[in-house]
Every structure is written in C-alpha cells, then in structure tokens.
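The values are calculated or read from the model by the stated rules, or taken from the named source; none is laboratory data. Please read all numbers here as calculations on a predicted model, not as lab measurements. We place every Cβ from the backbone using ideal geometry, glycine too, and count neighbours over all the protein chains shown.
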Amino acid sequence: MSATRLPGTPRLLRALNDRAALELLLERGPLTRARLGELTGLSKVTASQLVERLEERGLVTRVGEQAGGRGPNAQLYAVRPGSAYVVGVDVGAERVVAACADITGAVVGRVEQSTRDTDDPVGVVHNAVVQAASSAGAELSSVRRVVLGTPGLVDPATGDITFAFNLPRWHRGLLAALRADLDTPVVFENDVNLAAVAEAQSGAAEGLADFVLVWVGAGVGLAIMLGGRLHHGSSGAAGEIGYLPVPGVPIPRDVSRRAKPAFQQLAGADAVSAVAREHGFEAEDAAGAVRAAIAAGTTGGPMLDELARRLALGVASTCVVLDPPLVVLAGEVGQAGGAALAERVQHEVAAITLVRPRVVATGVTEEPILRGALRTALDAVRDDVFGSTVA
C-alpha cells in the first residue's frame, strides 16, 4: 500500500523556501544564487529555480556581479525595494509626521504637517499619507499598509479609537472612513506601544521578549511586551498607567470629564516642572528642567531623587504584577533623565518591592513612535507579500 501524499506539500515547501530566501536577502544584503543555496541548504538547481520565481514576481532584482575565479561572474540579487511600500504616521495634538518606507525598511519619503488649523482628521491623514508617498516617488496604490500612532485607547476588537487624549476630533468610525478614503489597510495603535516596538527592534530592549516601557512626557503611559507581543488588554486600556490611583493625590471620580488622573498629577510633565522649580531649576519644559538638574551635578541630586520616588510608585506597581526583567524609561523626560534618573528609579523600586528589574533609559532617541509604526507596518506587509510568492 503506497503512502498517502499530503496535498499541497511541494507548494508549501516552495513558499517556505521563498520566505527564507527573502529574509536572508533583507538581512545580509545582495547574494548570489549559490550563496542563497548554501545559506538555505537548497541545491544549486532548487536555489536557481527559487531566484527565478522571485524575479518573475518582481520581488528580487539583479543588482550587480560578484567576481569569482574561472568562468563568468556570478549575478548578485537583492529584494526589489519598490515591490511594496508602507507609511507610518505619528499623530500629535499639534502636528502629524508621516514617513514612507520601502519593503527593505529604508525610509524614502517624509512629510510633517500642522494640525492646529483643521478639525478634519480624515483630511489631515489623507494629505500626510499622499504627500509622504509622493515624496518617496511611490504610487498610492503601492502603499500596502498605513499604521497610525495615536495617544489614547484603541479597541482590540474593532481596531477603532475609543478615547484619544488631546485629540477630541478623533473618534469611533474614523478607521472605516480612513480605509475608505485611502483604499488601503489602515491600522491604529497606541503611540507608547509603538515606542516599545521600536525599542524591541533596535533599542535598549533589543533581543528581549519581556519588558515594559514607561513613557514620561506630557502624558504618562506604559507599554507591556510579553513573549515578544504587545499586551493590549480586553479594552485596549492595558498600560494606561496615568490612571493609577496613588496615595496623597486626588483621585478623579469621573474620567470622562478629562480631569487629570492621579499618577499623571504626580509624574507627568507639569508635575516634573513643578518639582524642578521647587528645587531651583527653571526651564522651557520638563525635559529641559531634568537636563538642568543633571548638569548641576550633586546640586541637582535632590530633584532627581524626588522625581525617581514618584516614578517608582508607578514602576513598582507594574513590576510586582508582571515581574519584567527590564524597564525602559522613554518619552521626553525619561530620555532626558538618562542613566542618572534610571539608576535612581531602579534603586527606589528595589527598596519598596520584592522585585529588582533593571531600569534603563531609552535607546531610541529619534522619533520612536514613527519608527514603531513603520516596523509594525513592515512586519505585516512582509508577511503578506513574502507569504504569497507561490501561485
């Protein structure tokens, strides 16, 4: 009796081989057919067929030659950058920044717009996406995904915004309107969560599956990464640490009235500036005040100590529940505090809890939200494009 042949197995193997080859080309740069065969464990014939298949589909292209010994030079192949594009958007209360990246991850277009003079979020995003793609020389039809980072809550079930801090015009139903307007997949994600994605990709949390990121800026937020995946919670509110009830601070009873929540009152930018003034440090903003305290050396120590004690209440509350190995301090204040603030927070958390996480400053100093949006979009599009190479 002959063995039963699994239907579709050769096709599945070809798809897996194609995906592996494309990932290698992204990671290691231009490669020859022979080198691809060596790295994937495929025979020369199979590797050649694979490259031809990907070339026919417009996913790889010849980019040069590699001189060898005797015989003709070997052709070098790379992923074709223009096979797909993505757009990441960082939406703030006063401006929108959009960047367009090709499928290799190279940022090839960028635009920044003010949002002060408009109350039309669809128009704002439309213009930003179209101009970012145009500056990249990409047709809008080749943009395969748009990821927008916004402050506030995103419903995990629908993907729509349910509450956007400082963005009163952003509301339920906006996601469908944007998808219809742009005729491409559009995804909302919390801005602090996207900062954590960037941190995991190339920052202080690179290589770690579990960590938390505490954002300290105008607002206070938290992102939770478990098993290499963001934890959103049932309503998307996981990480809204600004609402953490803390002792000694008035606790609003009706958050819908936009009263400043308790931990936000204690550790947000306004509170940081107030603490700085009490210790004799004046600056244009909270981050500047922290930098001034650090520059003052031992004179600035008491101010940093007080800020660390405040932040430690939120960090400790998080860590006794999740027990992460790493806490990253990000946002304008977290970044400004650097190692001086991070080390103080680490010491204070260890003093008041049973857990001792390592606390460090962010390693992503330039546009973490935008970088996280692009990475999120690229991961999804590569899965789509690289996973459908076999007809």
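So, Asp210, is that one acidic (Asp, Glu), out of contact with any His (no Cβ under 9 Å at 6 or more places or on another chain) and under 16 Å from Ala373 (Cβ atoms) or not? First the steps, then the outcome.
Values: acidic (Asp, Glu): yes; out of contact with any His (no Cβ under 9 Å at 6 or more places or on another chain): yes; under 16 Å from Ala373 (Cβ atoms): no.
The answer is no for Asp210.
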(1) buried (at least 18 other Cβ atoms within 10 Å of the Cβ); (2) over 23 Å from Glu366 (Cα atoms) all hold for Gly152 apart from (2)
Condition set in contact with a helix residue (DSSP H, G or I) (Cβ under 6 Å, 6 or more places away or on another chain) and not aliphatic (A, V, I, L, M), scope segment 122-149, selection modelled with the lowest pLDDT: answer is His126
Among strands (runs of 3 or more DSSP E) entirely inside segment 63-138, those with 1 or more residues being of a type in the set (Phe, Trp, Tyr) are 74-79, 85-91
Scanning segment 16-33 for residues that are surrounded by fewer than 18 Cβ atoms within 10 Å (Cβ to Cβ), at pLDDT below 90 and either in contact with a Leu (Cβ under 8 Å, 6 or more places away or on another chain) or farther than 18 Å from Arg80 by Cα (or both) gives Leu16
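Can you confirm whether segment 208-221 contains a residue that is surrounded by fewer than 18 Cβ atoms within 10 Å (Cβ to Cβ), free of Cβ contacts under 8 Å to residues at least 24 places away in the same chain, in the same structural domain as Glu332 (by TED's automatic domain parsing) and over 26 Å from Ser273 (Cβ atoms)? Give the steps one after another, and end with the answer.
Keep residues of segment 208-221 that are surrounded by fewer than 18 Cβ atoms within 10 Å (Cβ to Cβ), which gives 208-210.
Applying the additional criterion that residues be free of Cβ contacts under 8 Å to residues at least 24 places away in the same chain yields 209.
From what's left, in the same structural domain as Glu332 (by TED's automatic domain parsing): 209.
Cutting the leftovers down to over 26 Å from Ser273 (Cβ atoms) gives us 209.
Yes - at least one qualifying residue is present in segment 208-221.
When you look at Gly301, is it modelled with pLDDT of 95 or more, assigned by TED's automatic domain parsing to the domain that holds Gly268, within 24 Å of Asp90 (Cβ to Cβ) and in a helix (DSSP H, G or I), yes or no? Before the answer, list the steps.
Details: modelled with pLDDT of 95 or more: yes; assigned by TED's automatic domain parsing to the domain that holds Gly268: yes; within 24 Å of Asp90 (Cβ to Cβ): no; in a helix (DSSP H, G or I): yes.
No, not satisfied.
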Counting only residues in segment 102-118 that are among the aliphatic types (A, V, I, L, M) and under 17 Å from the mean Cα position of the chain (by Cα), the one surrounded by the most Cβ atoms within 10 Å (Cβ to Cβ) is identified as Ile103
Expected single match for outside any helix (DSSP H, G or I), touching a helix residue (DSSP H, G or I) at 6+ places or on another chain (Cβ under 6 Å), hydrophobic (A, V, I, L, M, F, W, C) and under 27 Å from Ala237 (Cα atoms) among Val333, Val355, Val315 is Val355
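Just checking, how many residues over segment 138-189 are polar (S, T, N, Q) and under 20 Å from Asp120 (Cα atoms)? First the steps, then the outcome.
So the first thing to find is which residues in segment 138-189 are polar (S, T, N, Q), and the list is 141-142, 150, 158, 162, 166, 184.
Subsequent filtering for residues that are under 20 Å from Asp120 (Cα atoms) retains 150, 162, 166, 184.
Residues that pass the stated criteria total 4.
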Restricted to segment 349-364 and to residues being closer than 30 Å to Val146 by Cα and out of contact with any Lys or Arg (no Cβ under 7 Å at 6 or more places or on another chain), the residue surrounded by the most Cβ atoms within 10 Å (Cβ to Cβ) is Thr362
Scanning segment 187-207 residue by residue, the ones that are outside any helix (DSSP H, G or I), touching a residue at least 60 places away in the same chain (Cβ under 8 Å) and surrounded by 14 or more Cβ atoms within 10 Å (Cβ to Cβ) total 5
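Look at Val290 and say whether it is part of a loop (DSSP other than H, G, I, E, B) and buried (at least 17 other Cβ atoms within 10 Å of the Cβ). Working first, answer last.
Values: part of a loop (DSSP other than H, G, I, E, B): no; buried (at least 17 other Cβ atoms within 10 Å of the Cβ): yes.
When the stated conditions are applied, Val290 does not pass them.
Is it the case, given these coordinates, that Glu367 is surrounded by fewer than 21 Cβ atoms within 10 Å (Cβ to Cβ), among the charged types (D, E, K, R), farther than 30 Å from Ser83 by Cα and touching a residue at least 12 places away in the same chain (Cβ under 8 Å)?
Details: surrounded by fewer than 21 Cβ atoms within 10 Å (Cβ to Cβ): yes; among the charged types (D, E, K, R): yes; farther than 30 Å from Ser83 by Cα: no; touching a residue at least 12 places away in the same chain (Cβ under 8 Å): yes.
No: the conditions fail for Glu367.
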How many residues of segment 48-63 are surrounded by 13 or more Cβ atoms within 10 Å (Cβ to Cβ) and either under 33 Å from the mean Cα position of the chain (by Cα) or at pLDDT below 90 (or both)? The answer is 11
